[in-house]
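Report on one structure; see the data block that follows.
The values are calculated or read from the model by the stated rules, or taken from the named source; none is laboratory data. Not measured: the values here are computed from a predicted model. Positions of Cβ are backbone-derived with ideal geometry, glycine not excepted, and every protein chain shown enters the neighbour counts. SASA here: full protein model, heavy atoms, side chains in, ligands and nucleic acids out. Shrake-Rupley method; radii C 1.70, N 1.55, O 1.52, S 1.80 Å.
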Amino acid sequence: MKMHQYQLIHIPRGLYTLRLLLILVVALALPFLALMIIEVHLNFVLIISICFLIAFLLFKLSARLVRNDLYAVINRDSLTIIETSSITKKNRKWEFNWTNLNSYVFETTQYYHILRLYIAEGKKITLTFDHNSQDFSRFEKDFHDKVLAINKNRDSVIYMSPSIYETKTGLILAALLVLLMIGWPIAAWWNSKDFQIGLALIFYSGAGFFIYMVYQYRRSKK
């Protein structure tokens, strides 16, 4: 890959979320439906294990469906991005001049990296990159360097907006998530209700990642 050209993997967020929901529904419903048909009684722990196995297999097998090839070029005057759908093989292109970029933000989530570009006249472009995009680190660094170079040579400034992990809103959300992580099992025990292990694993992994990211950003500023 040439300098200032990057081969990335783009994740369509809507399709990715729909895929996760379908996997969750199928993984939870299929084992219980099969047991109702064949009328076999199994240990609850074994059933949950089967659900997780099905979810894992579906997650792996369907991964390519939500990963589009994305080719990006940082030019002198513009940024060009071309996305190729893994399903339809059709191309989608974004191109804008650096003079039209007002601000941007890079964020990392549990599932992908996010780049939000705020263009003139209130337009916003959101791109989500797979964690395994081999050129992502180089693209992010070169993007920052390009913005710094532009800001030195013109009166208007392209701002790097803070990610949610750096804001007061993020700190408040992290505190609320900590309270929920502690309070949920206590509330289930207090009300003599079953603790939903499957939902808990999804919630605790996501909440734990968010809290960790808030902590890391706060710690880096000290």
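Say we look at segment 36-73 and pick out the residues that are of a type in the set (F, W, Y) and within 26 Å of the chain's Cα centre (by Cα); which of these is modelled with the highest pLDDT?
Of the residues in segment 36-73, the ones of a type in the set (F, W, Y) are 44, 52, 56, 59, 71.
Filter once more, so that each one left must be within 26 Å of the chain's Cα centre (by Cα): 52, 56, 59, 71.
Values: F52: 80, F56: 82, F59: 83, Y71: 92.
Only one residue fits best here, namely Y71.
From the list A55, A34, A29, A120, pick out the single residue that is free of Cβ contacts under 8 Å to residues at least 60 places away in the same chain, touching a helix residue (DSSP H, G or I) at 6+ places or on another chain (Cβ under 6 Å), open to solvent by 30 Å² or more (accessible area, probe 1.4 Å) and among the aliphatic types (A, V, I, L, M).
Details: A55 fails: open to solvent by 30 Å² or more (accessible area, probe 1.4 Å); A34 fails: touching a helix residue (DSSP H, G or I) at 6+ places or on another chain (Cβ under 6 Å); A29 fails: touching a helix residue (DSSP H, G or I) at 6+ places or on another chain (Cβ under 6 Å).
From the options A55, A34, A29, A120, the qualifying one is A120.
Run N132 past the list (1) open to solvent by 70 Å² or more (accessible area, probe 1.4 Å); (2) over 17 Å from the mean Cα position of the chain (by Cα) and report the number of the one that doesn't hold.
Here N132 clears every test but (2).
Could you tell me which residue of segment 147-171 is farthest from E107 (Cα to Cα), considering only residues that are open to solvent by less than 60 Å² (accessible area, probe 1.4 Å), of a type in the set (S, T, Y) and in contact with a strand residue (DSSP E or B) (Cβ under 6 Å, 6 or more places away or on another chain)?
Among them, the one singled out is S161.
For segment 58-88, which residues satisfy the criterion of being assigned to a loop (DSSP other than H, G, I, E, B) and in contact with a helix residue (DSSP H, G or I) (Cβ under 8 Å, 6 or more places away or on another chain)? Reasoning before the result, please.
First, pick out the residues of segment 58-88 that are assigned to a loop (DSSP other than H, G, I, E, B): 62, 67, 75-77, 85-88.
Listed by number, the residues that qualify are S62, D77, S86, I87.
Does S137 meet the test of being out of contact with any Lys or Arg (no Cβ under 6 Å at 6 or more places or on another chain), among the hydroxyl-bearing types (S, T, Y) and either open to solvent by less than 40 Å² (accessible area, probe 1.4 Å) or touching a residue at least 24 places away in the same chain (Cβ under 8 Å) (or both)? Even if it seems obvious, please write down each step before you answer.
Numbers: out of contact with any Lys or Arg (no Cβ under 6 Å at 6 or more places or on another chain): yes; among the hydroxyl-bearing types (S, T, Y): yes; either open to solvent by less than 40 Å² (accessible area, probe 1.4 Å) or touching a residue at least 24 places away in the same chain (Cβ under 8 Å) (or both): no.
Answer is no for this residue.
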